[in-house]
Amino acid sequence: MKELIGNDWDQVLDPVFASEEYHHLHDFLKEEYSTKKIYPDMYHIFTAFKLTPFSKTKVVILGQDPYHNPGQANGMSFSVMPGTTLPPSLKNIYKELYDDVGARPVNHGYLKKWADQGVLLLNAVLTVPYGHANGHQGKGWEKVTDAAIKALSQRGKVVFILWGRFAQNKIPLIDQDKNFVIKSAHPSPFSADRGFFGSRPFSRCNNALKDFGETPIDWQLPETVSQDDIA
């Protein structure tokens, strides 16, 4: 079994990691990282999986691919490194978070506190070239992340938060009899006013977790992030 992640995700995803498709992806990424600027750095590709083991995952917030500008991507969907300007989508997430559950907006975008509580901050594609959004789409990551979604769906009692059409295209992978799906417009400034604002995903998520007999998520992020908190 390949030990790429270091927790129970390795066993769950072992059939994918052992596949010919993943070997092709691995060879492709070796060439990309050696010749281009790729985000996140190779040590943070699997951060979402490392911080939120399969057995601990209660919620999935699905993104498309990492941020593609310097200093942003950290291996968690929608999250950015401390000290980085908040991306517009994350600002809108914070606005809805406050309106929904009263969680105060903070001046950083590091979402590790959510991951530590069982929120898998998963991008469908885990790497991206500098300045080229979706540049690694269709290169093989979808086989890995689709397998993760299917495995969680089969296990059940997971809340899937799907913002925008891209994330909602994954609904056929999810057994909605065993899980709870929350979907709305994407928090991007281009679409937030068309159904994201007012959708109350965070309170709805916690209500679903209570129905599953799970502890709700404390969505309030810390005011500051110390160096020891950075994964």
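Touching a helix residue (DSSP H, G or I) at 6+ places or on another chain (Cβ under 8 Å) and assigned to a loop (DSSP other than H, G, I, E, B): which single residue out of GLY75, GLY83 fits that description? Outline the logic, then answer.
Values: GLY83 fails: touching a helix residue (DSSP H, G or I) at 6+ places or on another chain (Cβ under 8 Å).
Every option except GLY75 fails the conditions.
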**Filtered residues of the stretch 63-86 (kept if within 23 Å of CYS205 (Cα to Cα) and open to solvent by less than 20 Å² (accessible area, probe 1.4 Å))** = GLY63, GLY75, MET76, SER77, SER79, VAL80
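Conditions (1) surrounded by 14 or more Cβ atoms within 10 Å (Cβ to Cβ); (2) in contact (Cβ under 8 Å) with a residue 60 or more places away in the chain; (3) not hydroxyl-bearing (Ser, Thr, Tyr), marked per residue:
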| residue | (1), (2), (3) |
| --- | --- |
| MET1 | no, no, yes |
| GLY6 | no, no, yes |
| VAL12 | yes, yes, yes |
| SER19 | yes, yes, no |
| ASP27 | no, no, yes |
| TYR33 | yes, no, no |
| TYR39 | yes, yes, no |
| MET42 | no, no, yes |
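Is it true that some residue in the stretch 46-61 is open to solvent by 50 Å² or more (accessible area, probe 1.4 Å), modelled with pLDDT of 95 or more and hydroxyl-bearing (Ser, Thr, Tyr)?
Start the filter on the stretch 46-61 by keeping residues that are open to solvent by 50 Å² or more (accessible area, probe 1.4 Å), which leaves 50, 55-56.
Narrowing further to those that are modelled with pLDDT of 95 or more: 50, 55-56.
Filter once more, keeping what is hydroxyl-bearing (Ser, Thr, Tyr): 55.
Within the stretch 46-61 (the criterion being open to solvent by 50 Å² or more (accessible area, probe 1.4 Å), modelled with pLDDT of 95 or more and hydroxyl-bearing (Ser, Thr, Tyr)), the answer is yes, since at least one residue qualifies.
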**Request:** Only residues in the stretch 197-214 that are in contact (Cβ under 8 Å) with a residue 40 or more places away in the chain and open to solvent by less than 60 Å² (accessible area, probe 1.4 Å) count as the first member; pair them with residues that are hydroxyl-bearing (Ser, Thr, Tyr) and not in a helix (DSSP H, G or I), Cβ under 8 angstrom, at least 6 apart or cross-chain, and list the lot.
**Result:** SER199/SER184; PRO201/SER184; LEU209/THR215
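Going residue by residue through the stretch 52-63, is there one that turns out to be among the small types (Gly, Ala, Ser), out of contact with any helix residue (DSSP H, G or I) (no Cβ under 6 Å at 6 or more places or on another chain) and under 20 Å from SER226 (Cα atoms)?
Start the filter on the stretch 52-63 by keeping residues that are among the small types (Gly, Ala, Ser), which leaves 55, 63.
Checking the rest, the ones that are also out of contact with any helix residue (DSSP H, G or I) (no Cβ under 6 Å at 6 or more places or on another chain) come to 55, 63.
In the following step, the residues that additionally are under 20 Å from SER226 (Cα atoms) were identified as none.
The answer is no, given that none of the residues of the stretch 52-63 is among the small types (Gly, Ala, Ser), out of contact with any helix residue (DSSP H, G or I) (no Cβ under 6 Å at 6 or more places or on another chain) and under 20 Å from SER226 (Cα atoms).
The values are calculated or read from the model by the stated rules, or taken from the named source; none is laboratory data. Computed from a prediction, not measured in an experiment: that's the story for all the values here. Because the Cβ atoms are built from the backbone with ideal geometry, glycine has one as well, and the counts that use them run over all protein chains shown. Keep in mind that these areas ignore ligands, DNA and RNA; they rest on the heavy atoms of the full protein, side chains included. Shrake-Rupley method; radii C 1.70, N 1.55, O 1.52, S 1.80 Å.
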